[in-house]
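In what follows, a structure is listed as structure tokens, so that the remarks can point back to it.
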Amino acid sequence: MGKKDYQKEHTDTLLDDYVIARLKSHGNNFEILIKPVTVESFKGGKDVDILENMPVDKIFSDAVNGKEPAADDLEKSFDTTDVEEIAKIILRKGDVQITTEQRRKRQEEKRKDIINRIVRNSMNPQTGGPHPPIRIENALKEANVHIDPFKPISLQMDEIVDSIKALIPLSFKKLSVSVKVTGDLYGKIYGDLKEIATITEEDWLPDGRWRGVVKIPAGIKDEFFAKIKDKTKGKVELELLN
């Protein structure tokens, strides 16, 4: 739906894809409709095009009913009538109104992402292997972890990990792996190594082989070994150094 085509009767449809950000100032109510992901990006400090992510370039006093405030009220509260500047202030200082279904959906998406991040980047120090996803999921439930639907996951992870560490042993120590391959295979795996690992050392051995030491998240050890062996048809020497 184009921005010029916004009409009140379409509000219910709009609220399937947008949320209401609201700020009360000088006794007046000011609202905007905006995409949820844009709220998260803005709060996470990213440079986002606010207007491009609003269905209509308008400030409302009541977005659900399509009511707009007087220009004088905007000027009095924000010292401007510029929609983008006012929208940024509303996002920075106001609250986000979200439906129960929108909250459930966003929290579930974030929960899955959080579980995946913990599984891939941590290990059980008692076994040296990753925790199964279901174990992380159960720990989140047992710890009654609250997931903010708009706060970037990167800003929630420390608190979430601290909450479940009392329930399951977790280590985020990275593993060092020595990789040795012949020169003809070096080019086939180097791009993969740089993409999924951090190369900390590399040199050429007297026998012509390339040797690199890489650091990988503990949770992807099996995946990493399998991928490199597959790329080299097994003609690789992999050694876990710690």
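Any idea what the dipole of the chain comes to, in debye rounded to 20, about its Cα centre with Lys/Arg Cβ at +1 and Asp/Glu Cβ at -1?
1180 debye
Tell me the Kirkwood hydrodynamic radius of the range 60-99 in angstroms, computed as one over the mean inverse distance between distinct C-alpha pairs.
10.9 Å
Subtracting the Cα-Cα distance from 0.36 nm times the residue separation, let me have the gained length for Glu68 to Lys215 in nm, one decimal. Provide the component values of the computation, followed by the final result.
Numbers: separation 147, 0.36 × 147 = 52.92 nm, distance 5.57 nm.
Once the chain is fully extended between Glu68 and Lys215, it gains 47.3 nm.
Using only alpha carbon positions, build the gyration tensor of the range 61-175, then give the equivalent ellipsoid semi-axes as the square roots of 5 times its eigenvalues, largest first, whole angstrom.
Rounded to whole Å, the semi-axes are 43, 15, 10.
Cα extents of the range 84-140 along the three principal axes, largest first, in whole Å?
Largest to smallest, the principal-axis extents are 53, 23, 13 Å.
How do Leu238, Leu74 line up, fewest other C-beta atoms within 10 Å first?
Lowest to highest Cβ neighbour count: Leu238, Leu74.
For labels at Glu52 and Ser178 in the simple 7 Å Cα→Cβ model, what's the distance in nm?
Between Glu52 and Ser178, the label points sit 4.9 nm apart.
Please give the charge dipole size of the range 17-97, origin at the Cα centre, charges +1 on K and R Cβ atoms and -1 on D and E Cβ atoms. Round to the nearest 20 debye. Before the final figure, lay out each step's value.
Values: 11 positive and 17 negative charges, 78 e Å.
The dipole of the range 17-97 has a size of about 380 debye.
Measuring from the lowest to the highest alpha carbon on each principal axis, how far does the chain reach, largest first, in angstroms?
Ordered largest first, the chain gives principal extents of 79, 41, 30 Å.
Determine the alpha carbon to alpha carbon distance for each of Lys173/Lys233; Lys110/Lys141; Lys43/Lys93; Lys35/Lys88; Lys180/Lys221; Lys180/Lys215 and list only those over 19 Å.
Numbers: Lys173/Lys233 29 Å; Lys110/Lys141 14 Å; Lys43/Lys93 10 Å; Lys35/Lys88 13 Å; Lys180/Lys221 16 Å; Lys180/Lys215 14 Å.
Among Lys173/Lys233; Lys110/Lys141; Lys43/Lys93; Lys35/Lys88; Lys180/Lys221; Lys180/Lys215, the Cα-Cα distance tops 19 Å for Lys173/Lys233.
Please list, in order, the residues from the range 23-53 whose amide nitrogen is less than 17 Å from a point placed 7 Å along the Cα→Cβ vector of Leu155.
Residues 35-50 fall inside that zone.
Could you state the per residue volume, in Å³, of the convex hull enclosing the Cα atoms of the range 150-198? Spell out each step's value before the answer.
Values: hull volume 5.6 nm³, N = 49.
Taking the convex hull of the Cα positions in the range 150-198, it is 114 Å³ per residue.
For q values of 0.13, 0.14, 0.20 Å⁻¹, compute log₁₀ I(q)/I(0) with the Debye formula on a Cα-only model of the range 17-97, without solvent.
Taken in order of the listed q values, log10 I(q)/I(0) reads -0.33, -0.39, -0.81.
Kirkwood Rh, the range 174-240, all Cα pairs: how many Å? Intermediate results must be reported in sequence, preceding the final value.
Values: mean 1/r = 0.0855 Å⁻¹.
Across the range 174-240, the inverse of the average 1/r is 11.7 Å.
Where in the range 159-225 are there chymotrypsin sites (Phe, Trp or Tyr not before Pro) that are in a DSSP coil and have at most 14 other Cβ atoms within 10 angstrom of their Cβ?
Here the sparse-neighbourhood loop sites are Phe172.
Bear in mind these aren't lab numbers, they're just calculated from the coordinates by the rules spelled out. Predicted, not measured: the structure shown is a model, and the values here were computed from it. Note: ideal-geometry Cβ built from the backbone for every residue, glycine included; neighbour counts use all protein chains shown.
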